[in-house]
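Structure first, commentary second.
The values are calculated or read from the model by the stated rules, or taken from the named source; none is laboratory data. Quick caveat, the model's predicted, so the values are computed rather than measured. Cβ: placed from backbone, ideal geometry, glycine included. Neighbour counts: every protein chain shown. Heads up: the accessible areas ignore ligands, DNA and RNA and are worked out on the full protein's heavy atoms, side chains in. Shrake-Rupley method; radii C 1.70, N 1.55, O 1.52, S 1.80 Å.
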Amino acid sequence: MIKRKIKELITASLFKNKVVIVYGARQVGKTTLVKDILKDFSKDGKYISCELLSAQRGLSVLEPEQIKAFLGQYKLIVLDEAQDITNIGKVLKVIVDFLPDIQIIATGSSSFDLSNKISEPLTGRNITFQLPALSLQEIVNDSDAIDVNSKLELLLRFGLYPEIYTLPDEESKIARLNEIANNYLYKDVLEFDKIRHSDTISKLVQLLALQIGQEVSLQELATQLGINRLTVEKYIDLLEKSFVIFKLKSFSKNKRKEISKNFKVYFYDLGIRNSIIQNFNQLDLRQDTGAIWENFCILERKKYLLQVAPYRQTYFYRTYSGEEVDYIEEISGKITAYQFKWNDKKNIKKLLTFTKTYNTQINKITPMNYFDFIK
């Protein structure tokens, strides 16, 4: 099993009289991770799947004695897919307030569902982590940089879901990715608010998958889908909170010259994205290789920042005259800018307005130097 970097952070957060929440998309390895943590506690740890009726019944009464009777004498208890428990926020509050010797790790596959149920009852009583799919750092630590670099094209085509990464051949990877995309990808979104228009959600995700790295027009999407703009905005928000996609906002200090309201969309896993558009072709046969490379680099950087600087601000940049920077990070007023080029021989354009206005150079990230960017 590939060691997950987040394990150490979670372990260090235990037994501080707070519930530990672990969010992440379905199939990214939450259950494997929490069971690995439980191994360190031997007989003092217990795993409970909240999808089971027995768990839902056992935690249905908001009385400390009855909750304690169900949980037993364990010190560390995992409540997997905790959003399936009725009144889960109040249940967790009772445990924190009246059963302080018990440490709870609760997992959820959609931040909108579980967070909506725990936000008010658990104010100040929880520590939250996000578990993405495998990161490049994790697989480098499991093997070595040379081995990972030799697999780079496979990672861009099939992504980094743990199970997909370990499958031996391309046919198996494609079959499993299609199964995940069809059976798990929209499950939380469709269950939330009893959304019945699964075909609309599916078409929206396909449209977004075809324009990674491009600015998103909510009105254009609404017209193509035959729904209103606010509904499109709502669906994109739900897709982001269920860890299918993430947004990159535009950077602007000069509203007269720079785009300030638009955003771009990227996917949390490229294998899932390629499954959605049913294109697993080799990169030299594709028209979207540059966009895939951009998604990959920004995604791996995002995974890294989740561990070391989760509140760093990230953007893209474009002026009305057409100057564009793929990716910007801002921390304490300092700006760092990047362009992503799959072909390392291609030069980046001189963006005089940007470099003069913000007194910074633009770094080019290619397959020759990307390790330095994602760590």
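Which of the following residues is within 22 Å of residue 32 (Cα to Cα) and in contact with a Lys or Arg (Cβ under 9 Å, 6 or more places away or on another chain): 114, 136?
None of the others qualify; the one that does is 136.
Take the conditions surrounded by fewer than 20 Cβ atoms within 10 Å (Cβ to Cβ) and either outside any loop (DSSP other than H, G, I, E, B) or among the aliphatic types (A, V, I, L, M) (or both) and apply them to residue 219. Does it pass?
Spelling it out, residue 219 is indeed surrounded by fewer than 20 Cβ atoms within 10 Å (Cβ to Cβ) and either outside any loop (DSSP other than H, G, I, E, B) or among the aliphatic types (A, V, I, L, M) (or both).
Out of the residues in the range 139-159 that are open to solvent by 10 Å² or more (accessible area, probe 1.4 Å) and within 30 Å of residue 104 (Cα to Cα), which is modelled with the highest pLDDT?
141
When you scan the range 88-96, do you find a residue that is open to solvent by less than 30 Å² (accessible area, probe 1.4 Å) and assigned to a loop (DSSP other than H, G, I, E, B), even just one?
No, that holds for no residue.
Out of 337, 309, report the one residue that is among the small types (Gly, Ala, Ser) and surrounded by 14 or more Cβ atoms within 10 Å (Cβ to Cβ).
Of the residues listed, the single one that is among the small types (Gly, Ala, Ser) and surrounded by 14 or more Cβ atoms within 10 Å (Cβ to Cβ) is 337.
Would the range 271-279 turn up any residue that is at positive phi and open to solvent by 50 Å² or more (accessible area, probe 1.4 Å)?
Looking through the range 271-279, at least one residue is at positive phi and open to solvent by 50 Å² or more (accessible area, probe 1.4 Å).
Need the failing condition index for residue 243 against (1) at pLDDT below 95; (2) assigned to a helix (DSSP H, G or I); (3) under 30 Å from residue 175 (Cβ atoms), just the number.
Every listed condition holds for residue 243 apart from (2).
If you go through the range 32-41 one residue at a time, do you hit one that is hydrophobic (A, V, I, L, M, F, W, C), at pLDDT below 95 and out of contact with any Lys or Arg (no Cβ under 8 Å at 6 or more places or on another chain)?
No, every residue in the range 32-41 fails to be hydrophobic (A, V, I, L, M, F, W, C), at pLDDT below 95 and out of contact with any Lys or Arg (no Cβ under 8 Å at 6 or more places or on another chain).
For the range 318-334, give me the residue count where each residue is surrounded by fewer than 19 Cβ atoms within 10 Å (Cβ to Cβ) and either of a type in the set (Ser, Thr, Tyr) or under 23 Å from residue 296 (Cα atoms) (or both).
Residues meeting the conditions: 9.
Restricting the first residue to the range 64-78 and requiring it to be more than 18 Å from residue 10 (Cα to Cα), which pairs with a second residue that is of a type in the set (A, V, I, L, M, F, W, C) and open to solvent by 60 Å² or more (accessible area, probe 1.4 Å) meet a Cβ separation below 6 Å and a spacing of at least six or different chains?
Sorted first by the residue in the range 64-78, then by its partner, the pairs are 64/98.
Looking at the range 343-362, is at least one residue of a type in the set (D, E, K, R) and buried (at least 17 other Cβ atoms within 10 Å of the Cβ)?
Scanning the range 343-362, I find no residue that is of a type in the set (D, E, K, R) and buried (at least 17 other Cβ atoms within 10 Å of the Cβ), so the answer is no.
Sort through 251, 263 and tell me the only one that's among the aromatic types (Phe, Trp, Tyr) and at pLDDT below 90.
251
Kindly indicate which of 80, 97, 44, 36 is under 27 Å from residue 166 (Cβ atoms) and out of contact with any Cys (no Cβ under 8 Å at 6 or more places or on another chain).
36
Being surrounded by 14 or more Cβ atoms within 10 Å (Cβ to Cβ), under 16 Å from the mean Cα position of the chain (by Cα) and more than 27 Å from residue 9 (Cβ to Cβ), is that true of even one residue in the range 168-180?
Checked the range 168-180: no residue is surrounded by 14 or more Cβ atoms within 10 Å (Cβ to Cβ), under 16 Å from the mean Cα position of the chain (by Cα) and more than 27 Å from residue 9 (Cβ to Cβ).
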